[in-house]
Amino acid sequence: MSLRGDGPAALEWAARYLDRLGELPVLAQIEPGEIRSRLPASPPEQGEPFAAVLADLEEKLLDGVTHWQSPRYFAYFANTGSEPGILAELLAATLNQVGILWRTSPVLQELEEVSCDWLRQLLGLPDKFQGHIEDSASTATLAALGAARAAAPGRRVVVTSEQAHSSVAKAARILELEARIVPVDAAYRLRPELLELDQACAVVATIGTTSAASIDPVAAIADACSATGTWLHVDAAYAGPAAMCEELRPLFAGWERADSIVVNPHKWLLTPMDCSVLWTTRLEDFRNAYSLVPEYLRSPDEVVSLSEVAVPLGRRFRALKLWAVLRCYGRESLQAILREHVRLAAEFERWIEDEPGWEVCAQRHFSLVCFRREETDEENEALLERVNASGEVFLSHTRLDGRYVLRLAIGNARTTEDDVRLAWDVLRREAR
């Protein structure tokens with residue numbers, strides 16, 4: 001086995017896979033346990049050639065893949081593993097850096113700091129924010145709330161909206177904080193007049209909620225946090241990249257006043273999973289919460305290692321793929337892709353509004369459309385099952401005001417208007 005001997009075949013498989021995404025059912029059409037049943041119960045005694053791995057990937061594993069790379073993937077929040085990011089992942093695995101300290105990989109830490117700062121500039125955030133990369137927004141939110149708890153001893157409450165991501169409640173559970181839930185208005189935004197911040201160490205506001213991409217009134221929430229000395233964390237995991245477009249930046253008003261912000265380039269910024277950027281203006285509070293340097297990790301280097309401001313000790317070279325994406329696309333191309341996704345979502349929304357028997361269920365801000373048939377919840381759920389079982393497209397659902405609502409999220413760079421039109425055709429066909 002060698003990179004020169006087996007690498008071309010692996011690269012060819014990867015390129016061919018991306019070429020034929022349109023031929024593959026978007027949602028895996030298999031039953032639970034089916035993949036396991038095809039594989040040996042015990043590991044091999046002797047090594048096998050890498051060609052056998054590729055063969056089994058094609059013949060035994062591929063139909064168990066739900067194709068997040070498909071241009072017709074519209075569920076949850078669609079994303080893209082772009083070619084620069086894919087190649088950078090190969091290089092990162094080749095270099096196999098382990099960033100437990102600055103000296104164990106100076107390039108890992110410093111490229112991470114540069115890449116996060118480049119993205120900060122692209123999003124229009126002030127230079128007081130310092131960033132690092134976590135594996136997911138769930139981890140970033142956990143880290144931010146842990147720092148907020150440590151910075152306010154005795155305060156054991158985190159306040160957030162009923163539309164906030166489940167990671168907030170999970171972080172509160174892990175940190176043994178009470179989650180205080182605030183009702184939302186008719187647009188699914190947190191109602192700042194209902195904020196009660198006694199004993200609160202943090203408030204989590206969301207720009208682009210998971211269910212409906214609603215936008216909390218961050219400026220008003222920041223006022224309340226400022227008056228009470230409460231940490232403000234902004235979850236912009238999905239919608240954050242949209243701040244790159246000047247016409248959408250007003251939707252982010254107030255986020256520059258946050259103590260911490262999370263944005264996921266692995267959602268809407270062409271970067272392969274896992275790459276979640278966490279910025280803070282209170283880096284010393286992160287260090288106070290997380291720095292623990294045993295003797296065997298002490299060094300004479302006059303630098304704060306990233307392991308001192310985050311939960312994990314080791315970290316992988318995630319910055320290489322973000323850096324590659326930002327370099328290979330640049331601001332203008334990234335803006336064009338984001339704007340096209342917003343345009344396609346607006347077009348799909350218009351089709352829904354113009355079709356009798358269908359309704360839009362939430363105001364659209366970015367590239368997510370929430371809609372349903374004017375029928376029962378059970379009929380809408382059955383419709384979604386039929387659509388996804390076709391394999392032609394993949395959509396997901398949520399509940400808004402207690403009603404079952406369908407979601408179409410556009411976020412793959414390969415998605416065209418023809419793909420969105422196909423989704424609409426499949427929905428209408430299955431509705432009939």
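Details
- For residue 303, net neighbour charge (Lys/Arg +1, Asp/Glu -1) across residues whose Cβ lies under 14 Å away: -3
- Length added when fully stretched, residue 98-residue 59, from 0.36 nm per residue minus Cα-Cα: 10.6 nm
- Binning all Cα-Cα separations of the range 18-152 at 10 Å, short to long from zero, yields these whole-percent fractions: 9, 22, 30, 25, 12, 2.
- Cβ-Cβ FRET estimate between residue 196 and residue 301, R0 fixed at 41 Å, reported to 0.05: 0.35
- Shape summary: the range 292-363 maps onto an equivalent ellipsoid whose semi-axes, from the alpha-carbon gyration tensor, are 48, 18, 8 Å in decreasing order.
- Amide N of the range 73-94 lying under 19 Å from the label point, which is placed 7 angstrom from the Cα of residue 399 along Cα→Cβ: 76
- Each Lys and Arg adds +1 at its Cβ and each Asp and Glu adds -1 at its Cβ; summed about the Cα centre, the chain shows a dipole of about 640 debye.
- 424, 118, ranked by accessible area, largest first (probe 1.4 Å): 118, 424
- With DNA, RNA and ligands ignored, accessible area of residue 290 (1.4 Å probe; Å², nearest 10): 50 Å²
- Cross-link reach list, aspartates and glutamates versus residue 267, counting only Cα pairs under 17 Å and skipping chain neighbours closer than eight places: 83, 89, 134, 135, 235, 340
- Ellipsoid semi-axes in whole angstrom, largest first, where each is sqrt(5λ) of the Cα gyration tensor of the range 141-204: 20, 13, 8
- Oblate is the label for the range 207-338. Its Cα gyration tensor axes, ordered a ≥ b ≥ c, give a/c of at least 1.5 and b/c at or above a/b.
- Computed log₁₀ I(q)/I(0) - Debye formula, equal Cα scatterers, no solvent, the range 92-181, q 0.20 Å⁻¹: -1.03
- Amide H to amide H distances under 5 Å link residue 411 with 78, where only residues 5 or more positions off or on other chains count and H is placed in the peptide plane.
- For the chain, the fraction of 1.4 Å probe accessible surface lying on carbon and sulfur atoms is 52 percent.
- Radius ratio Rg over Rh of the range 1-93, counting only Cα atoms, Kirkwood formula for Rh: 0.99
- For the range 45-113, the Cα gyration tensor yields ellipsoid semi-axes of 30, 23, 10 Å (square root of five times each eigenvalue, largest first, whole Å).
- q = 0.11, 0.25 Å⁻¹, the range 233-304: log10 I(q)/I(0) [Debye, one scatterer per Cα]: -0.41, -1.11
- Around residue 60: net Lys/Arg minus Asp/Glu count, Cβ-Cβ under 12 Å: -3
- Over the chain, volume per residue of the alpha carbon convex hull, in Å³: 168 Å³
- Calculated FRET value between residue 179 and residue 432, using beta carbons and R₀ = 30 Å, to 0.05: 0.10
- In the assembled protein chains, residue 120 presents an accessible area of approximately 20 Å² (probe radius 1.4 Å).
- The residue 121 and residue 226 beta-carbon pair, evaluated with R₀ = 25 Å, returns a calculated FRET efficiency of approximately 0.50.
- Here the dipole of the range 348-425 is about 360 debye; that uses its Cα centre as origin and unit charges on the Cβ of Lys and Arg (positive) and Asp and Glu (negative).
- Calculated P(r) tail over 19 Å for the range 336-402, as whole % of Cα pairs: 39 percent
- Rounded to the nearest 10 Å², the accessible area of residue 128 at probe 1.4 Å: 100 Å²
- Note on the chain: dipole from Cβ charges, positive end direction compared against 65, 7, 296; the farthest Cα belongs to 296.
- Projecting the Cα atoms of 228, 169, 195 onto the charge dipole of the chain, computed from C-beta unit charges around the Cα centre, puts 228 farthest toward the positive end.
- Taking all protein chains into account, the per residue accessible area for the chain stands at 45 Å² (1.4 Å probe).
- Charge dipole of the chain about the Cα centre (unit charges at C-beta), most positive-ward option of 217, 78, 49: 217
- Size of charge dipole - the range 194-284 - debye, nearest 20, with Cβ of Lys, Arg +1 and Asp, Glu -1, no other charges: 200 debye
- Net charge over other residues, Cβ less than 14 angstrom from the Cβ of residue 163 (K, R count +1; D, E count -1): -1
- Per residue, the convex hull spanned by the alpha carbons of the range 266-399 comes to 205 Å³.
- Kyte-Doolittle mean at least 0.0, axial Cα span of 24 Å or more - DSSP H helices of the chain: 106-123
The values are calculated or read from the model by the stated rules, or taken from the named source; none is laboratory data. None of the values given here were measured: they were computed from a predicted structure. Using ideal geometry, Cβ is built from the backbone for each residue, glycine included, and neighbour counts are taken over all protein chains shown. Ligands, DNA and RNA are stripped out before the accessible areas are found, and what is left, the full protein with its side chains, is counted by its heavy atoms. Shrake-Rupley method; radii C 1.70, N 1.55, O 1.52, S 1.80 Å.
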